[in-house]
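The values are calculated or read from the model by the stated rules, or taken from the named source; none is laboratory data. Keep in mind the model is a prediction, meaning the values are calculated, not measured. Because the Cβ atoms are built from the backbone with ideal geometry, glycine has one as well, and the counts that use them run over all protein chains shown.
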Amino acid sequence: MEEINLDQVIYEANKEGGDDELNPSGSKPDSKSYEEVLNIIKELVSTNHAGELATVLEDQKAQTVIKGLISKYVRENRISVSDMASHAALVDKIYEDMAGFAFIGAYLYDEEVEEINGNSWADIEVVTPKGWRKIPERFISPQNSIDVVKKMMRLGGITMDDQKPTADSYITKGVRISAIIPPCVDKDTGAVFSIRKQKNTILTKQQIIEWDTATEEELDFLILCITFGISVGIAGATSSGKTTDTTFLLFNVPDYKRIFSIEDSRELNCIKTDDEGRVLNRVIHTKTRRDEKNRERNVDESVLLRRSLRFHPDIIVPAEMRGEEALIAQEAGRTGHTILTSFHASDALDAYTRILTMCMMSGIKLSENLMMKLIISAFPIMVFKKQLPDKTRKYMKIIEAEDFIDGRVKGRTLFKFIVTGKEKAEDGKRIKRMLGYHKKVKPISKRLANRLLENGADIESIKRFAEPDWDPERIEDDQEDL
């Protein structure tokens, strides 16, 4: 491969004239379809400059080189596309389709877009706070959609091929992608994918209250628990807002609390700084590492959870538990560490069964009855959050679990969102608004109130959530079936 001088490439690409001068020789340029042009330029660049093309995702200099080469080859081959306004526009589009993410890039940078979902190469939709809509853009071909998706997956260290046609990865900080390619979908479908973006902004308590996601009392209770040693699990489906809630809670604990987070890709954002950029709180963010070529180099959630204990954290945050790391998390939760985590579950009670399933994946020999008791001890507070049909997100239930007896979880529902009806849109089909209200159902147990007191919580703060006759000197058995 010939050695490339960046400055020389840029000079040669532009010396012939301005952006709109597609053919400086004066002869009529060869007009082709855009797909033909893309294939010609792709063949020239991939054949002669494979090294630069391979590093274009990580190297800003390589990106500049590739754009210069595209410009150079377009001019040398006297190529034009009839519906392209200028040479610069043609170069940019070829670059995005060949080395970038095609039209997907524009939606990745759009702050209003929460999700980008590809049902096929020619059927793409986006989700915003206003709902979902199909977009006019589409990939050039099924193969083009597969090529772009593969590039996005590689940013998270994942290689997709016939041997691994389904995978999860991340594109950049706070942007996850899940994808399926042939043979698990038809070849003429191309790639099927879902890209989910995590907002960089941290919601305020007032915003959460104004949106009716939760009440002030619910938020204050969860912050009190996390601050004073009571572990909390947040359960819900995809897009229910679990990561947003985790970030909010961590941002609102006192700065002296030492936080150790564990993620696949960096989504949590709970570092506080002053006006001069100095960090005010105590946060360690860590990420797992996946190496498909050398699995011995993998660093998974379980490894980082064990390692976190050596850093003397006050709060450990396995951002999303999916497997056997749940066993280590519950062990840490029962030995003096506060755990704040999230996972997929269909309701608050199902969350405990979900954790049990994950713990049993480790091969532990304990009975399910004993394991469930240990899980409840580790995670006494469980939040269930849901995205309703009108796309609003609600804290549907906050429960306190206390024991597991005769196959049933014993405890109480503390808060609940009561659905009272729905309001339909003008077309009579879509749901415009879900009707309902948040209700405080029961106070916390005396046992939990005493734990909060022993961990340093103010008596007045505890009394907001405890029974009126709570007396820290008296311990009573006040359990019931949930």
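Out of (1) under 17 Å from the mean Cα position of the chain (by Cα); (2) over 24 Å from Lys397 (Cβ atoms); (3) buried (at least 21 other Cβ atoms within 10 Å of the Cβ), the odd one out for Lys173 is which?
All conditions are met except number (3).
Cβ-Cβ distance below 7 Å, separation of 6 or more or different chains: which pairs start in the range 129-154 with a residue that is touching a residue at least 40 places away in the same chain (Cβ under 8 Å) and end on one that is part of a helix (DSSP H, G or I) and of a type in the set (D, E, K, R)?
Pairs found: Ile140/Glu35; Ile140/Asp97; Asn144/Asp97.
Any residue that is touching a helix residue (DSSP H, G or I) at 6+ places or on another chain (Cβ under 8 Å), at pLDDT below 90 and either of a type outside the set (Gly, Ala, Ser) or surrounded by 15 or more Cβ atoms within 10 Å (Cβ to Cβ) (or both) - is there at least one of those in the range 248-257?
no
If you go through the range 356-396, how many residues are in contact (Cβ under 8 Å) with a residue 40 or more places away in the chain and either surrounded by fewer than 21 Cβ atoms within 10 Å (Cβ to Cβ) or farther than 19 Å from Lys442 by Cα (or both)?
12
On the given criteria, is Ala235 more than 25 Å from Met152 (Cα to Cα), small (Gly, Ala, Ser) and at pLDDT 95 or above?
No, not satisfied.
Within the bounds of the range 454-465, is there any residue that is touching a residue at least 24 places away in the same chain (Cβ under 8 Å) and at positive phi?
yes
Is it fair to say Ser302 is on the phi > 0 side of the Ramachandran plot, in contact (Cβ under 8 Å) with a residue 24 or more places away in the chain and either out of contact with any Pro (no Cβ under 7 Å at 6 or more places or on another chain) or of a type in the set (Phe, Trp, Tyr) (or both)?
Answer is no for this residue.
Quick check on the range 176-199: of everything there that is out of contact with any Leu (no Cβ under 8 Å at 6 or more places or on another chain) and either basic (Lys, Arg) or at pLDDT below 85 (or both), which residue is surrounded by the fewest Cβ atoms within 10 Å (Cβ to Cβ)?
The selected residue is Lys187.
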